[in-house]
Structures are given as C-alpha cells and as structure tokens.
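The values are calculated or read from the model by the stated rules, or taken from the named source; none is laboratory data. Note that the structure is a prediction, hence the values are computed from the model and not measured. All Cβ positions, glycine included, derive from the backbone under ideal geometry; neighbour counts span all protein chains shown. When the accessible area is computed, the model is the full protein with side chains, heavy atoms only, and any ligands, DNA or RNA have been set aside. Shrake-Rupley method; radii C 1.70, N 1.55, O 1.52, S 1.80 Å.
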There are 4 protein chains.
Amino acid sequence: MRMETINVTIWNEYLHETRNPRVQAIYPEGIHRAIAKGLEPLGDFAIRTATLAEPEHGLSAAVLEQTDVLLWWGHVAHDQVSEKVVEQVQLQVLSGMGLIVLHSGHYAKIFKRLMGTFCSLKWREAGERERLWNLRPDHPILQGIPEYIELREEEMYGERFDIPEPDELLMISWFQGGEVFRSACTWTRGHGRIFYFRPGHETYPTYYNPHVLRILANACGWARRRVRLDVTQAPHSQPLEPLPREAQ
Amino acid sequence: MRMETINVTIWNEYLHETRNPRVQAIYPEGIHRAIAKGLEPLGDFAIRTATLAEPEHGLSAAVLEQTDVLLWWGHVAHDQVSEKVVEQVQLQVLSGMGLIVLHSGHYAKIFKRLMGTFCSLKWREAGERERLWNLRPDHPILQGIPEYIELREEEMYGERFDIPEPDELLMISWFQGGEVFRSACTWTRGHGRIFYFRPGHETYPTYYNPHVLRILANACGWARRRVRLDVTQAPHSQPLEPLPREAQ
Amino acid sequence: MRMETINVTIWNEYLHETRNPRVQAIYPEGIHRAIAKGLEPLGDFAIRTATLAEPEHGLSAAVLEQTDVLLWWGHVAHDQVSEKVVEQVQLQVLSGMGLIVLHSGHYAKIFKRLMGTFCSLKWREAGERERLWNLRPDHPILQGIPEYIELREEEMYGERFDIPEPDELLMISWFQGGEVFRSACTWTRGHGRIFYFRPGHETYPTYYNPHVLRILANACGWARRRVRLDVTQAPHSQPLEPLPREAQ
Amino acid sequence: MRMETINVTIWNEYLHETRNPRVQAIYPEGIHRAIAKGLEPLGDFAIRTATLAEPEHGLSAAVLEQTDVLLWWGHVAHDQVSEKVVEQVQLQVLSGMGLIVLHSGHYAKIFKRLMGTFCSLKWREAGERERLWNLRPDHPILQGIPEYIELREEEMYGERFDIPEPDELLMISWFQGGEVFRSACTWTRGHGRIFYFRPGHETYPTYYNPHVLRILANACGWARRRVRLDVTQAPHSQPLEPLPREAQ
C-alpha cells in the first residue's frame, strides 16, 4: 500500500471539559485536542476536530466527504446530536469512511444505529485498575502493543456488552473489582470499518497513555479505505447469460 | 429441549394480493395465510397473522409479547410502517423474540435497523430458474433439505448484498441469468435470532414449495428463545472484589 | 425437535486419580464417573465412559458410531493417545458427532487437530478465584446460568489462547491474579459441533459445581446432531444445466 | 504501513507441466514461473520458487524463515509431500508467515491440517464458464477488481466445500453448469493469514488473467505480517495481582 496522508476528524461532545474543573485540569483544551496532539507524531495524519456546539456539530457533508477516519467521543449529550448528522455519518461509514468509537461513545446514536443493538453494559466509577489483554499481536491495530496494557485508574465497563458478535475481538479487559469486558472490537458495515475502543473516561489521563495513542494511530491506518462506494442503489440488472424465452 | 407450542405471528403488507390479479390468482387469501396453512402441519405452532392495514399494523405490544417468532413479508409499502411499531419490534427482537425476514423484506425498516446497513442488492424479474445450494446440512434450519432446492421461476437477487457478514451462511443461490446470492443467513442481535430467507416473490407460487415451507418451519424452531431479557438497562455495579481505598 | 436420548461417552485419561492422593480424595472413582453421575439427573442421557488404559482407549469405531457427544478430559498423557484413535474421532466429529473438550484437553491431539493451531496459553496453579462471565444468556448452552459463575479455587489459564476465532464466545473468565480467558467457545467443523469449556483442574472439586454440570448437560443437547454425513468424498458431478458443445 | 519488499515463495508440485503436452503448451516453464512473471510487475516482490522434486521440496527451514508469503499449487502428488515439511510450514504459518492456497491445493496436507477439516467439494472438468462475484470491494485483496470476474473456461468446483466458516468470504463463483462455490476465503490461524483462491486448473490459462494476478498480488500484501511470534510455548505465569495467602 502506498504511504498517504490520512484525513482524521476527531469529534468530541466537549462539555465535561468546560464544566467540570477535575476534567478541565486533565484536558484543558478538551479531549479532542489532547488526542489530536497525541496522534500527530505517530503517522502522516491531517487532523481536524469538531464539537457538538459547532454548526452541524462541525460535521457538514463537505467535512465528512474529506474525512478518511472519524473518531467519536460523547457521553452526556448523545440525545443532542441531530438525526440529520447521524444519518450523514452513517451514509459515509457505509460508503467507506472509517469510524473509531471511544469509551462512552458506546451509547452514541451513530454507534447504536450501526450496530442495530442497544449497546448496554455494566459500569462503575471507582478509579480502579484496568488491564487490557492483547489477543491479536498479529493485528495491524495492535502493532507495537505488549501482551497487556495496564491503566492505573479507569472507569469499569462490565459484560454483558450488548453488541453484535465482533468480526474481530482484539483485547479483553480485566478489572480490579471483578469484571471483564470486550474492550477492542472491529466490525465492517457496508464498505466502512468500525473500531470500538473502551478506555477513555474523562476524569483520568487515559488519552496521554502512549499505548492508547499507538492503538488509535494504528486504528486510523486500519480503518482508512481508499474508496468511497455507493450503497444506496438497488440496480435492476440485465441477464449476463441467455435466458430461455419463457423466462423473459 | 422440551417440545412446546411455538407462537408464530406472520406479518404481511398484503397489498399486491388485493390489487394485482396475477398475484391474487396465486395467493387468493394473501401470502400470510398461504404461509400459515403451509406451516400448520409442520410443527406445534400457534399461528396468528397481522397486516399493514390493521391498527398498529396488527403488532400491538400485547401481540409482540406473546409472539415467539415473527415472520415479515413487505415490498411496496415499507415506508408506511410506523416508526413506533418498528421500535417495538426491535425492542422485542433484542429482548429475545425471533424474526424471520422474507424476500423483499430485505428493505423493511426493521431489517435495515437491526442490520445497521442499507441492505441493497441487484434484482431482475424475468421468471428465471433459481437453485439454492445447501452449505450446512448439519444446521437445524436445513434438516430434511437436500443438497439443493430448485425453483423453476423466481425473481433474481444478486450480490453484492449490503448486509453485515452473517453469523452463519446456510444457502447460496445460483441464478440462470448469471448471478449468485447469499439466500439463507442468520444473525443474533441482542438476545434475538434473525433469519433472512431470499425466495418468495409475489408473482410465483414459492410459498407452496414443500422445501421452502420446511425451512420456514425449521427456522421457527431455531429462532424461538425461551427467555425474554431486558437489554435497555446499563446498571451501576458494586465491586465483586475488595478495592483498595485509593480506588473507592 | 423430538425429545430423544442422547448417547454420551465421557473419555478420561484417568491417571491423576490413581496416582495423586489429593486428586483421589476429590474424585475417588475418577473425573469421568463424577461427571457421569452429575449429568445423569440433568437430561435423557445414555452415558458410557472410556479411559486411556482400555483397548483403543475405549473408543472403538463401534463405540464412536453409537456416540452422539464425546466429552474429553486429558492432561499428562496426550502423547500416549494413539494416532489411529485420534483419526477415528476426527472422522466422527467431521461426520456429525459432538465433541466437548474440557480444561487441559486444550492440548489434546484431537483438539489441536480440529483447530489447526497449537492451542497454547498461560497458566498458573495457585488455587485462585475464577469468575466466568455469561456473554450469551440467550444461548442453549447457558440456559439456567446466572450472569456469572464463581469458582473459589481453580487453576489459572490466561490469554493469549492460540485458537481460531470461535464461532461463538459464550463466557470470559476473570482471574484473581490478573488474567482473563475465553473459557466457553464453540466451533463447527465438518458437520460436527465442538465446545471447549475451561474449568476442571483435577485438584479442585469443579465437576461437582451445579452450574458447571448444567453447562455440560446443556452442551450435550447443543452438540448432538441428528445426522452423520460423509465428508470424505469429492464427487464428480454431472452438469445441472445444459452446457454448450464447446464446454463438453 | 511502510512500503517494503515482500518475500514471496511460490511452491508448485510441477508434474502436469512435465507430463501433459496440453498443460505444457499453456505453462511451458511451469505454473510457478507463470505466476512469478505475472506478480513481478504488480508490487515490490522478491520472488523465489520451489517444487516437489527439490530437496525438502525446496522448503528448508531457512527458506521458510525468509518467506513472508508462501503460495501453494498442488494436485496429483499431495501424498508425496513429506510430513516434516508440512509440519515446518504449519509452524511458520502459525508464527506469522502468510499462506495462499491455490485451486486444487484445497486437498494439500498443509491446508487440511490448518483447517482441521477434510476440505472436500464437488468437481467437473468441462471447460465451462465461471463468474466470480465480488462481495467485498472494500477489501485489500479485491482492490482494483470489478463487480465480477469472468473466466471463459475453468474446472467446476461446487458446494458443499468442507471448510470452517471463513473469517471473510470475499467472492462466490457462479458456474455455467449450475453450481456455486465460495472461491475467495480468508482465515487467521495462530499469527498467520491464510487465503484460499479457487481458480487455476492446469489446463486453462487462468494464471495469465490480469484480474487473477491482481488478486494474488493484493493477497501477498494482505497476508504479509511484519512479525514472527512463537506459539509453541505455554508459559507458567506469576500473578500480576496480590493473591491472598490461601491462594498461594
């Protein structure tokens, strides 16, 4: 494959960082800018950010068409995301745009719409230890990642996670409090690739962790397709083989 | 498993049969009643039917709660199915109700919503021969089915079919005009089982074919779960293991 | 499906129980008889046992042909299992016999042969707590099983488990020492169904646990196919459609 | 990913070409050299060939260790391939070497060993038309491939193909005589990627077809992993979390 710039758009709800001093202290410029700064040195990325408050949430048709891979972080305002934007994003993903859904994005309208399920899970915010086990060291998304990643403090997400069986299960999380979780999952929908990655609660510095950033950078390369294909048509087709008269 | 009555609801748009004499001649009482009559002798089924014109399309919450497996046939009026009913059906499927989607139901709101894709395909109505090849003679849905089924005349559906990779691909169709199609596919979504079965164009007597009826009867047994489980909650969980003070 | 007796054969290496007093104290008649006694009341089973020391390890062609589901427990003597018996078992599984592989059976010749991989894993014997999380309460194998099973003391098995991606991942284990494991996995190979279930170290009373027994009983029902089909032939086929002269 | 030379080894039984004038006329230097010449201009490949008659069939440990992707064509002499070489190839695939199995290689010892099944199928040699339908235009292996490929004359392979459900089903073949076949399938085993591609009967000039060559070139890029990892060890692990005394 040719080495090429990957156009990445990082979408963030961007509310906790403006309201909660604890979050502000960790992500003064917002989670989106922290991820952008972290990704920059890890690949040939052209990064733009977008937030809920912008017109069309910063995700106009023009922006989406120029986006190879969209990252999505949301939590408390999923219901404020307009149906029109969600439909646009779904259209682009099914046409070939990559989508990386982060942490509480499991409840984002766009993720639930692409999965077809409710995407519910168990949770606990107790700043406990998380250990993500690497099931697929062969996988492009996990290149450079050791046999496990340890996060000293994270929110707990526990099974059962209400998702369709992933195409690939890449990592499973162990939590100090006794739960497990499918934390790194891939799916293909239409012509688009989707990656869900669990860690990233706003009250912990997860998006400064070099392994987490490496996984997100790898995932951008994995999720980027070189084509956008139309999946909206159901074309009438002429026969490719001669059909007997009675079948005309 | 214990032998138990399976509560089957057959939903049919029921428009072609009232408008098109050619269809009326084949299915005078409607596709739904033809399927009901065909299924009856093949298992311990309590069958009810429902149509678009009925209040709530015949699919009230009460009906859906008493339904183990819902069959769905629709074609020209997908957009007339109310969002509220579609949401109710999705909720029930994710909770454990079985869903069998027939032929042009590939474009039904409920199927697209559960798949997360557009479910587009190629098509041609030329009354050509279809041969469905049996890939999984071991599978409960294909018990009693030979190595292939031949339908003398059917509508053609051709790949690419825009669906998520099926959990199980049971049959592939060969068409006289030169196309192929994944004609019998299963998925699990939430706690519910979904089966898509391709044949069944309204202008051909497909639903009188004994193999087709056997597959639908088997699919009802396969899709029926004995539980309905709530997938709408994301419960807060207490730790199952002692957490060190700093993690409280 | 008709209610029918399931012919179950439980194979056990049966060495630890004759050599190690600690194991003998837990399984005085052997792991195979403990499982047999536990399964008996849970379904309509006709149970036979077989061990390494018997002629053909108790697995003659006749026995295998009469077996619907074979359970396999082995540990220290995998290399003493004859290639001929392994070939016979593989032939029967691919023809439709169910196979349930238990605990250290992950390294059994028959399991590695059916998986095509080395089936390696991490391990530790420290009598730590294991908690198996239920990912698929809808699944026949997990009927009657709560959201998790806790085993006070078990051997640890940790990822990466070198297996092909399971068709279905049913349970994930959490271990007190910090690891996770895919503990309940299903595959279909040929016409046969295969289930791997992790717990069952010889020094712990795991096979007396009612949840463990319920899972094994359910798995026997799930793995049993009603057909045995020949997969050894590659038949020459006559064309089903007329071929133009130049293609004869 | 960085652009890097891919070390490709093309293995060919190389018997038909030396015995059958009809085959010799099509592949005077052998199928392996025809594929080598065809691949050369399509990527940065360092290509070597190996044949049955060479010592260790040309697949010494040294050759395999330097091979990123191995292509395999065999037909009449599968049983002459030494077990030792098959074991070496399996070890390398599970460690991360890519494997591309061609046409009648479905019955090669190495393919059956990696699949765990018998890999049987239906067949007919009648020089009929084959049309391979593209199910995954998004997939790296199918970049540059149209919605279908037509081969004027090929051997027929028909379902049921006795393989484990592929990780990805990329193409389905339509045959003039009335059969279908899963013609382009991928699997991951251990750390290695495996691709099976159906066409390529020795009596037809299939390996001169530009689409076929493009698919093989793409598949080399897809199958090449940058790592070789040991899958032969089952390491004892120290606990990562403190275990209570009773659990030591």
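Of note:
- Helical mean residue ellipticity (222 nm; -39500 (n - 2.57) per DSSP H run of 4+; nearest 500) of the protein assembly as shown: -6500 deg cm²/dmol
- Copy-to-copy label distances for C:L240, where each label lies 7 Å from Cα along Cα-to-Cβ, are 1.8, 4.9, 5.1 nm in order of increasing length.
- Under 5 Å from the amide H of B:F45 lie the amide H atoms of B:I6, each residue being 5 or more positions distant or on a separate chain, with H modelled from the backbone and absent for Pro and chain starts.
- At 7 Å out from Cα toward Cβ: A:A53 inter-copy label distances (nm, ascending): 5.6, 7.7, 7.8
- Scattering from the protein assembly as shown was approximated by placing one identical point on each alpha carbon and applying the Debye formula without solvent; log10 I(q)/I(0) at 0.05 1/Å stands at -0.29.
- Of all chain D residues, the closest to the D-onto-C rotation axis by Cβ, with that distance in whole Å, is D:G116, 2.
- 7 Å along Cα→Cβ, label-point gaps from A:E150 to other copies, nm, shortest first: 2.5, 6.3, 6.7
- The chymotrypsin sites (Phe, Trp or Tyr not before Pro) of the range A:4-46 include none that meets both conditions, a loop assignment by DSSP and at most 12 other Cβ atoms within 10 Å of the site Cβ.
- For chain B, fraction of C-alpha pairs farther apart than 34 Å, in %: 16 percent
- With Cα atoms defining each centre, the range C:151-194 and the range B:108-162 are spaced 34 Å apart in the structure.
- Derived scalar couplings ³J(HN,Hα) [the range B:132-144; Karplus, 6.51 cos²θ - 1.76 cosθ + 1.60; whole Hz; x for Gly, Pro]: 9, 8, 8, 8, 9, x, 7, 7, x, 5, 10, 5, x
- Here the label points at A:E125 and A:R48, each 7 Å from Cα along the C-beta direction, are separated by 3.2 nm in the simple model.
- When each of A:K109/B:K109; C:K84/C:K112; C:K112/D:K84; B:K37/B:K122; C:K84/C:K122 is checked by Cα-Cα distance, pairs over 20 Å: B:K37/B:K122; C:K84/C:K122
- The H on the amide N of D:I145, modeled in the peptide plane, is under 5 Å from the matching H of no residue at least 5 residues off or on a different chain.
- Diffusion coefficient of the range B:1-142 by Stokes-Einstein, Kirkwood radius over Cα pairs, 4 °C, 1.567 mPa s: 79 µm²/s.
- Separation of alpha-carbon centers, the range A:5-24 and the range B:2-56, rounded to whole Å: 52 Å
- Element breakdown for chain C at a 1.4 angstrom probe: carbon and sulfur atoms account for 51% of the accessible area.
- Rg/Rh (Cα only; Kirkwood hydrodynamic radius) as it applies to the range C:114-248: 1.18
- Accessible surface buried once D binds B (1.4 Å probe; total of both sides; Å²): 1800 Å²
- Summarising the amide proton neighbourhood of A:G158: residues at separation of 5 or more, or on other chains, whose placed amide H is nearer than 5 Å comprise A:K122, A:W123.
- ³J(HN,Hα) computed for each position of the range C:8-24 - Karplus, 6.51 cos²θ - 1.76 cosθ + 1.60, integer Hz, glycine/proline x: 10, 10, 9, 9, 9, 3, 6, 10, 3, 5, 9, 10, 10, x, 5, 6, 4
- Karplus-derived HN-Hα couplings along the range D:68-78 (A = 6.51, B = -1.76, C = 1.60, θ = phi - 60°), whole Hz, x at Gly and Pro: 7, 9, 10, 9, 10, 10, x, 8, 8, 10, 3
- Centre-to-centre separation between the Cα atoms of the range C:204-248 and those of the range D:212-230: 31 Å.
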